[in-house]
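Just so you know, all these numbers are worked out from the coordinates, no wet-lab data involved. These numbers come from a predicted model, not from an experiment. A quick note on method: Cβ atoms are made from the backbone with ideal geometry, for glycine too, and the neighbour counts reach across all protein chains shown.
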Amino acid sequence: MMRSFTTFHLQYAHRFYNFEGEAQYLHGHTGTLTIEVRDTVNPGVNMVFPCNEIRKTAWEVLQNFDHALILREDDPLLKPILKVYEEQGIRHGSPRNTMTGPAFKTELAVAYPECRLVVTKESMTVEGMIKIVHELLKDKLNIAKVTFTSGDNAGSAEFTPLHSQCRCPRCGVALDENGHCYKCGYQKKC
Ligand SMILES: [Zn+2]
Ligand SMILES: [Zn+2]
């Protein structure tokens with residue numbers, strides 16, 4: 001077993017609603033997120049997993065957190081902010097809001113990419129973000145570890161991938177359930 005990992009930077013605004021401290025005020029960060037994928041070394045390409053492929057898969061959902069506002073579902077700021085966005089005509093999107101991933105909804109977070117908002121069940125601490133990221137990507141990547149750093153706060157968690165992923169011996173990406181490589185057309189013979 002070895003690991004492949006990749007790092008992302010996310011700019012976001014948030015606050016910890018009902019937290020006794022400065023973080024109860026709206027503020028912003030550049031967060032650094034590292035995702036480590038663990039598996040056997042795929043003998044065909046001599047890689048665990050191509051890092052650009054981890055990037056592509058993860059960024060699809062992660063771009064919803066970039067230049068986004070992240071608020072807890074019970075935060076009273078949510079309503080007035082959406083009202084302002086509505087009145088300004090940007091609540092349902094804008095021609096300049098193009099770096100958006102597909103909307104998602106899990107137990108822990110709901111993304112509204114059209115107005116760059118993520119609503120979370122719990123406060124978006126570094127620990128909260130790690131849980132959200134794992135929940136979003138655990139079925140797509142064999143995640144072994146997620147690390148998140150935001151200002152002076154940093155956290156990490158280890159996870160156990162369920163099974164080894166079946167990967168293309170030519171380009172290293174995960175094969176679909178039919179043993180087909182979407183990238184190079186390789187077909188696994190069973
Ligand atoms: Zn903060
Ligand atoms: Zn392939």
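Using a 7 Å offset from the Cα along the Cα-to-Cβ direction at both M1 and E122, what is the distance between the two label points in nm, to one decimal?
Once both label points are built, they end up 2.4 nm from each other.
Rounded to the nearest 0.05, what FRET efficiency do K83 and E177 have when you use their Cβ-Cβ distance and R0 = 41 Å?
Using R0 = 41 Å, I get an efficiency of 0.40.
Count the lysine pairs in region 2-158 whose Cα atoms lie under 27 Å apart, taking only pairs 8 or more positions apart in sequence or on different chains.
For region 2-158, qualifying lysine pairs total 22.
Placing unit charges on C-beta atoms (Lys and Arg positive, Asp and Glu negative, everything else neutral), compute the dipole magnitude of the chain about its Cα centre in debye, rounded to 20.
My answer is approximately 820 debye.
Tell me, how many Å apart are the Cα centres for region 8-61 and for region 91-147?
10 Å
Most exposed first by the Cβ proxy, i.e. fewest other Cβ within 10 Å, how do V45, V146, V126 rank?
Least crowded to most crowded, the residues run V45, V126, V146.
Can you give the calculated 222 nm mean residue ellipticity of the chain, where each DSSP H run of n ≥ 4 adds -39,500 (n - 2.57) and the sum is split over every residue, rounded to the nearest 500 deg cm²/dmol?
For the chain, the value works out to -5500 deg cm²/dmol.
Just to verify a number: FRET efficiency for C184 and R96, C-beta to C-beta distance, R0 = 41 Å, to 0.05?
0.70
Would you work out which of N153, C181, T120 lies farthest towards the positive end of the dipole of the chain? Charges go on Cβ: Lys and Arg +1, Asp and Glu -1.
C181
Angle, helix 126-137 long axis vs. longest principal axis of the chain, Cα atoms, 0 to 90°, nearest 10?
50 degrees
How far is helix 78-88 tilted, in degrees, relative to the longest principal axis of the Cα atoms in the chain, given as a value from 0 to 90 rounded to the nearest 10?
90 degrees
What does the extension gain come out to for A23 and T40, with contour length at 0.36 nm per residue minus their alpha carbon separation?
Between A23 and T40, full extension yields an extra 2.0 nm.
Which residues in region 50-86 place their backbone N less than 18 Å from a point set 7 Å from the Cα of D139 along the Cα-to-Cβ direction?
Label zone hits: 57-62.
Of the residues P113, P95, P161, which exhibits the maximal mean-square fluctuation in a Gaussian network model of the chain defined by a 10 Å Cα contact cut-off?
Looking only at P113, P95, P161, the largest GNM fluctuation is found for P95.
Please arrange I70, I130 by how many other C-beta atoms lie within 10 Å of their C-beta, fewest to most.
Least to most surrounded, the residues fall as I130, I70.
Rounded, prolate or oblate: which fits region 69-121 when a ≥ b ≥ c are the square roots of the eigenvalues of the alpha-carbon gyration tensor, with rounded for a/c under 1.5 and prolate only if a/b beats b/c?
Note, shape of region 69-121 comes out oblate.
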